[in-house]
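Sharing a structure with you now.
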Amino acid sequence: MIIVEDIHKRYQTDQGPGKWVLQGVSFTIPAKLNVGLVGANGAGKSTLLRIIGGVDQPNKGRVDRQCRVSWPMGFGGGLQGSLTGRQNAKFVCRIHGYEDEIPDRIAYIQDFAEIGEAFDQPVKTYSSGMKSRLLFGLSLAFDFDVYISDEVTAAGDVNFRKKAAAAFKNLADHASLIMVSHGEGTLKQFCSAGIWIHAGKAYWFDKIDDALNAYKEHPST
């Protein structure tokens, strides 16, 4: 279970505090439930995912993670740019306590990411798609109760998107998913419930179709 309680978030700008991206967001995600986040560009979907995943902090409010939650797949942060993909993967393995399993984990990550020789090149030379692939492989190399995905199924070519979709299906037996995607078909394929982000607020729907319909009726932020 993940409890999101009274989350407020805004970012500092050169002119001072920016507008509230999220304002008073509260909901509870039960265990074993796949949830899709929908809303217009700039509505705060990715911001909310980063806060749930613990890679960003709210100005106010809290997230109670009563389970193991991944970092957002597709999120470009969390990687050391001067290190190679392989070195980043080794570092993540060590901090997660998999020192004795590093070779196997590295082999899995390298195979899944499909970035070729770039795996041994500095991450700062990667495209955003390559970073997404690497982070996707990193996430899947570890056991989480909840996996967070930010447009991962849009990264890469058709074959990689199929590979990503197959990986999500395999997760269904032992974990749940919180997903942002602009593909309505992708959300319907993987998610049963939905959260519509609109004007800084979050609205829970037990059915993903109802969340998508709410967004269609109010497409602007």
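The values are calculated or read from the model by the stated rules, or taken from the named source; none is laboratory data. Predicted model, so just to flag it, every value in this text is computed and none were measured. Cβ: placed from backbone, ideal geometry, glycine included. Neighbour counts: every protein chain shown. Remember, those area values only see protein heavy atoms, side chains included, never the ligands or the DNA or RNA. Shrake-Rupley method; radii C 1.70, N 1.55, O 1.52, S 1.80 Å.
Filtering the range 64-81 down to residues that are open to solvent by 70 Å² or more (accessible area, probe 1.4 Å) and at pLDDT 85 or above, which residue is farthest from Met1 (Cα to Cα)?
Gln80
Being within 21 Å of Trp71 (Cβ to Cβ) and either part of a loop (DSSP other than H, G, I, E, B) or among the aliphatic types (A, V, I, L, M) (or both) is the filter here, so list the residues in the range 183-205 that pass it.
Within the range 183-205, Leu187, Cys191, Ile195, Ile197, Ala202 qualify.
Within the range 147-157, can one find any residue that is over 14 Å from the mean Cα position of the chain (by Cα), without any contact (Cβ under 8 Å) to a residue 12 or more places away in the chain and farther than 30 Å from Gly97 by Cβ?
Yes, the range 147-157 contains a residue that is over 14 Å from the mean Cα position of the chain (by Cα), without any contact (Cβ under 8 Å) to a residue 12 or more places away in the chain and farther than 30 Å from Gly97 by Cβ.
Working only within the range 48-63, note down all residues that are modelled with pLDDT under 95, open to solvent by less than 40 Å² (accessible area, probe 1.4 Å) and not hydrophobic (A, V, I, L, M, F, W, C).
Within the range 48-63, Gly53, Gly54, Asp56 qualify.
Any residue that is surrounded by fewer than 22 Cβ atoms within 10 Å (Cβ to Cβ), at pLDDT below 90 and in contact with a Pro (Cβ under 9 Å, 6 or more places away or on another chain) - is there at least one of those in the range 101-113?
For the range 101-113, residues surrounded by fewer than 22 Cβ atoms within 10 Å (Cβ to Cβ), at pLDDT below 90 and in contact with a Pro (Cβ under 9 Å, 6 or more places away or on another chain): absent.
Which of the residues that make up the range 176-189 are modelled with pLDDT of 90 or more and under 14 Å from the mean Cα position of the chain (by Cα)?
If the condition is that a residue be modelled with pLDDT of 90 or more and under 14 Å from the mean Cα position of the chain (by Cα), then Ser176, Leu177, Ile178, Met179, Val180, Leu187 are the ones that fit.
Test Tyr126 against the stated conditions and say whether it is open to solvent by less than 30 Å² (accessible area, probe 1.4 Å), hydroxyl-bearing (Ser, Thr, Tyr) and out of contact with any strand residue (DSSP E or B) (no Cβ under 8 Å at 6 or more places or on another chain).
yes
Let me ask something additional. Only one residue in Val55, Val92, Val63 is touching a residue at least 60 places away in the same chain (Cβ under 8 Å) and either on the phi < 0 side of the Ramachandran plot or part of a helix (DSSP H, G or I) (or both). Which one?
Only one candidate qualifies: Val63.
Name every residue in the range 114-138 that is at pLDDT 90 or above, polar (S, T, N, Q) and not in a helix (DSSP H, G or I), in order of residue number.
Hit for the range 114-138 is Gln121, nothing else.
Residues in the range 75-83: is at least one in a helix (DSSP H, G or I) and in contact with a Gly (Cβ under 9 Å, 6 or more places away or on another chain)?
No; the residues of the range 75-83 include none that is in a helix (DSSP H, G or I) and in contact with a Gly (Cβ under 9 Å, 6 or more places away or on another chain).
Every residue, every condition in (1) surrounded by 13 or more Cβ atoms within 10 Å (Cβ to Cβ); (2) touching a Gly at 6+ places or on another chain (Cβ under 6 Å); (3) hydroxyl-bearing (Ser, Thr, Tyr); (4) over 20 Å from Ala211 (Cβ atoms), yes or no:
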| position | (1), (2), (3), (4) |
| --- | --- |
| Tyr11 | no, yes, yes, yes |
| Val21 | yes, yes, no, no |
| Ser26 | yes, no, yes, no |
| Ile29 | yes, no, no, no |
| Gly36 | yes, yes, no, no |
| Ala40 | yes, no, no, no |
| Ala43 | yes, no, no, no |
